[in-house]
Amino acid sequence: MSKIMAVNAGSSSIKFQLLEMPAEEVIASGVMERIGLEQGIFTIKYIKNGEKVKEETNPVLPTHAEGVELLLNSLLEKNIVKDLKEIVGVGHRVVQGGEFFKDSCLIDGPDGVVINKILELADLAPLHNRAHVIGIRAFMKVLPDVPEVAVFDTTFHQTMEEEAYMYATPYEWYTKYGIRKYGAHGTSHQYVSQRCAEIMNKPLEDTKIIVCHLGNGASISAVKGGKCIDTSMGLTPLEGIPMGTRSGNIDPTALEVVAKHEGASLSELINTLNKKSGLLGMGGRTNDARDVTAGANEGDHRCIMAFNVQAKRIVDYIASYYVYLGGCDAICFTAGMGENLCHLREKICNRLGVLGVKIDTEVNNQTYGVEKELSTPESKIKVYVVPTNEEVMIARDVCRLANI
Ligand code: ADP
């Protein structure tokens, strides 16, 4: 048995999961937040004397390196590992891999080709890629002899055909600046589509699956024979369906109109589309679907509208992917909202009745965060909730690439 650390480093946080492989068992998980601020937050969940425990402390975490050191020391102190040598590989989520990374890969040192390429691609994901590199370097410093693997959100979508990934903009934008659709959430779409084929007991090569990853960030993918043929996110995660705080697709001219009225810069307006739109912008409460649901239940028109707009746009994508796939075996819901928000799933599935989709409302209403078939036997397309597991995909790739 080998222990693998799956890491998702952000600009001020590091999420982690320590997994026992190949059993794929989670031994510990948690997050370090508020790195670089006066007081950090370190949350860790693990099994202590046979019981699940969650502990929270407030250490000072000046940089990611101190965060990683603290994490590894606490694994020893809490007896989660007896020796750090038990950790034989580290996998890092990286949001943007561009066209360069067609697969996950071993990282060749803190200043090697891989790190430099990830930094070069930071133009396409400024908030994420630089933070990932800080996280990767922090782990390399503390665990210098352990293989580290980069797992990209974009590689699963690299199988899209030109007709699906190209924008109808001047061709030079693509050749000079790499302007095209890259997608995101790839590890989730891959995990869920593979798991769905297993649930259906069908060879993956013979499946046509639409995955709806509906979290705070949300995207939809069309997966044919285990390969992605289209996805709703674009150059960045801003494109596609309305999300917690992101607008999804809009006419870019809106930016010019608002800029004229408010004197705002382009980057301020893009920030508004990323951070202040979606459920938050439409509903006027928060970006948390539970708060918007509470508003809708009170009869707040804007909250009701927010879910209607979101459901309509999700259905638009599903209908379009149904045609592009040439039919569909299964629609899968995953991530925070997909796994838990039964009223949204019902709204979506009812609108898909025209394609022969039929779900058992009672089963749907009782399904929260567990794997479950929602469709009735007569439904022409199966509908499932499949909880996502990006960390397992990361750990599997570490084992594959580092020969563990
Ligand atoms: P991300 O990983 O993009 O931050 P998540 O997959 O954690 O997002 O999903 C967050 C969203 O899921 C939030 O809008 C939250 O309200 C919603 N969500 C999470 N748990 C529940 C629940 N039990 N009931 C309803 N909505 C939930």
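Laboratory data are not the source of any read-out in this text; all were calculated from the coordinates shown. Every value quoted in this text rests on a predicted model; they were computed, and no experiment measured them. Cβ coordinates were reconstructed from backbone atoms using ideal geometry, including for glycine residues, and neighbour counts include every protein chain displayed.
Per the Debye calculation on the stretch 226-372 with a single equal scatterer at every Cα and no solvent contribution, log₁₀ I(q)/I(0) for q = 0.09, 0.16 Å⁻¹ amounts to -0.32, -0.96. What you get for the stretch 1-149, charging only the Cβ of Lys and Arg (+1) and of Asp and Glu (-1), is a dipole of about 240 debye around the Cα centre.
Name the shape class, rounded, prolate or oblate, that the alpha-carbon gyration tensor gives for the chain, where a ≥ b ≥ c are the square roots of its eigenvalues, rounded holds for a/c under 1.5, and otherwise prolate holds if a/b is larger than b/c and oblate otherwise.
Details: a/c = 1.44, a/b = 1.28, b/c = 1.12.
Rounded is the answer for the chain, as its axis ratio a/c remains below 1.5.
Kirkwood hydrodynamic radius (Cα pairs, Å) of the stretch 261-342? Write down the numbers at each step before the final one.
Values: mean 1/r = 0.0680 Å⁻¹.
One decimal place: 14.7 Å for the Kirkwood radius.
Under 1.5 on a/c is rounded, so check that first for the stretch 155-283, then, if it is not, pick prolate when a/b is larger than b/c and oblate when it is not; a ≥ b ≥ c are the square roots of the alpha carbon gyration tensor eigenvalues. Oblate is the answer for the stretch 155-283, as a/c is 1.5 or above yet b/c matches or exceeds a/b.
When the Cα positions of Thr57, Trp173, Gly112 are compared along the charge dipole of the stretch 47-179, Thr57 comes out farthest toward the positive end, with charges on each C-beta of Lys, Arg, Asp and Glu.
Under the criterion of Cα pairs below 8 Å and six or more residues apart, the relative contact order for the chain equals 14 percent.
Packing here is the average count of other Cβ atoms within 10 Å per residue, and on that basis the peptides 182-193, 256-267, highest first, run 182-193, 256-267. The stretch 328-392 and the stretch 67-146 have their alpha-carbon centroids 35 Å apart.
With a ≥ b ≥ c the root eigenvalues of the C-alpha gyration tensor of the stretch 139-221, is it rounded (a/c under 1.5), prolate (a/b larger than b/c) or oblate? The shape class here is oblate.
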